[in-house]
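Only one structure is covered here, and it is reproduced in the block below.
The values are calculated or read from the model by the stated rules, or taken from the named source; none is laboratory data. Keep in mind that what you see is a predicted model, and the values were worked out from it rather than measured. We place every Cβ from the backbone using ideal geometry, glycine too, and count neighbours over all the protein chains shown. Just so you know, the surface numbers come from the protein's heavy atoms only, side chains and all, with ligands and any DNA or RNA stripped out. Shrake-Rupley method; radii C 1.70, N 1.55, O 1.52, S 1.80 Å.
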Amino acid sequence: YSLNVLNHHEIVNDRAGDVSFAVVWCPLANAGVVYGRPYSGRELRFEASGGLVNAALVMRDKETGSYWPILRGEAETE
């Protein structure tokens, strides 16, 4: 994925064959991460939440509404 696309969208939900994944780019942290989207029997779809943790993007999944700081790789729990 080009940085031009990632700078605009920040998160790309995609699939290669049977493997679903999310490509995430945070221009503020200059960090890119790839995560698998299957989670607890579901296939999550991620979007930018508009929030930041430690100056890095926080994702939100559309299925559960959970928030995922990209540098941590797991959902926030209260």
- Filtered residue count, the range 59-74, keeping only those that are of a type in the set (A, V, I, L, M) and modelled with pLDDT of 95 or more: 1
- Item | Subset tally (residues that are at pLDDT 95 or above and polar (S, T, N, Q)) for the range 1-48 | 2
- Task: Considering only the range 1-57, give the strands (runs of 3 or more DSSP E) lying wholly within it that have at least 2 residues that are open to solvent by less than 50 Å² (accessible area, probe 1.4 Å) and in contact (Cβ under 8 Å) with a residue 24 or more places away in the chain.
- Result: 19-26, 31-36, 46-53
- For Gly65, which of the numbered conditions (1) open to solvent by less than 40 Å² (accessible area, probe 1.4 Å); (2) touching a strand residue (DSSP E or B) at 6+ places or on another chain (Cβ under 8 Å) fails to hold? (2)
